[in-house]
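What follows is a single structure, written as structure tokens, with notes after it.
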Amino acid sequence: MANQRDVIIACDFKSADETIKFLDRLTRIRGEVISCDDNRFGEGRPYVKIGMELFYAEGPEMIKLLKERGHKVFLDLKLHDIPNTVKKSMQVLGAYGVDMVNVHAAGGIGMMRAAKEGLMLGAARFADKPKLIAVTQLTSTDEETLHNELLINKPMDEVVKQYAMNAKAAGLDGVVCSAFEAAEIHAACGADFLTVTPGIRFAENSTDDQKRVMTPAQAKIEGADFIVVGRPITAADRPIDAYTRCKEEFL
Ligand code: C5P
């Protein structure tokens, strides 16, 4: 079966208020906020990502609010601790009904297996099971940091590929990676292993603090399954146009 593919909006806002204001603006047609079962917006409301800042500020209520409004939620908390702690924490997160959640692959296969067990226990009552993905190496870690600070002497692409294979061996659904790495990860881990790729910009956008960027159309060619897009949508004059353009280019 082909992987589900979608555009995920990174809701990097400080508060629930700011987030809901943005989403209301995004989902407004002729002045009216459309309801989540109104298919004028396509299939349901946009898939959104909540990161640490918003989750720590607003807590689990934020997830509840977004789910009630019909959004799918990727909870980007990047857990990394001993297996037992990660398992118990994932059980809590799974019970919130998140659609996707992540860990650091650097925690090792044992930690990732424990994460998956905990998540499935927590999500037992949901028919649609959440996806669990792993961060391979942060895009803020460059080759120099890898070698000189972390004392990992292999080249970055080899490390990323090995971490992806570890995630697969632990039973995870995929990884967060750069769209530049998506094809190689699919080749190593299989076409059904998800690649979730941030660092997306339209051709005319500034790259902001992202080092290696791709357009939604290029990410599609590279075989990315999900693109995570923040500022090109959230800071656009007309977010709905930017979101629609992402979907048109990528899907
Ligand atoms: O605004 P922008 O499109 O750069 O947002 C990208 C989002 O993806 C942010 O929420 C950022 O934290 C996240 N992310 C990333 N690179 C990673 C992992 C997550 O940019 N390696």
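By the gyration tensor of its Cα atoms, with a ≥ b ≥ c the square roots of the eigenvalues, what is the shape of segment 132-230: rounded for a/c under 1.5, prolate for a/b over b/c, or oblate? Oblate. Over the chain, Cα pairs under 8 Å with separation of 6+ residues give a relative contact order of 18 percent. Helix 156-169: angle to the longest alpha-carbon principal axis of the chain, degrees 0 to 90, nearest 10? Result, in degrees: 80. Taking the charge dipole of the chain about its Cα centre, with +1 at Lys and Arg Cβ atoms and -1 at Asp and Glu Cβ atoms, the residue from Ser206, Pro46, Met120 reaching farthest to the positive side is Met120.
For the pair segment 197-231 and segment 103-138, the centres of their Cα atoms are 25 angstrom apart. For the chain, the per residue solvent-accessible surface stands at 49 Å², with DNA, RNA and ligands left out and a 1.4 Å probe. The angle between the Cα long axis of helix 108-122 and the main principal axis of the chain comes to about 40°, on a 0 to 90 degree scale.
Between Asp157 and Thr85, residue separation times 0.36 nm minus the direct Cα-Cα distance comes to 23.0 nm.
Its alpha carbons give segment 45-164 an Rg and a Dmax of 15.6, 47 Å. Pairs exceeding 23 Å between alpha-carbon atoms, taken from Lys14/Lys88; Lys131/Lys168; Lys64/Lys131: Lys14/Lys88.
Using the Cβ of His147 as centre and a radius below 13 Å, the other residues enclosed give a net charge of -4, where K and R count +1 and D and E count -1. For the pair Ser140 and Glu18, label points projected 7 Å from Cα toward Cβ lie 1.7 nm apart.
For the Cα atoms of the chain, what angle does the longest principal axis make with the long axis of helix 83-95, in degrees from 0 to 90, nearest 10? Its long axis makes an angle of about 20 degrees. In this Cβ point-charge picture (+1 for Lys and Arg, -1 for Asp and Glu), segment 95-251 has a dipole of about 500 debye about its Cα centre. The portion of the accessible surface of the chain made up by carbon and sulfur, rounded to a whole percent, is 51 (1.4 Å probe; DNA, RNA and ligands excluded). First check a/c for the chain, with a ≥ b ≥ c the square roots of the eigenvalues of its C-alpha gyration tensor; if it is under 1.5, answer rounded, and if not, answer prolate when a/b is larger than b/c or oblate otherwise. Oblate, since a/c reaches 1.5 and b/c is not below a/b.
The values are calculated or read from the model by the stated rules, or taken from the named source; none is laboratory data. A quick note: this is a predicted structure, and the numbers were derived from the prediction, not measured. Reconstructed Cβ throughout: ideal geometry from the backbone, glycine too, with neighbour counts over all protein chains shown. The area values use the complete protein model at the heavy-atom level, side chains included, leaving out ligands, DNA and RNA. Shrake-Rupley method; radii C 1.70, N 1.55, O 1.52, S 1.80 Å.
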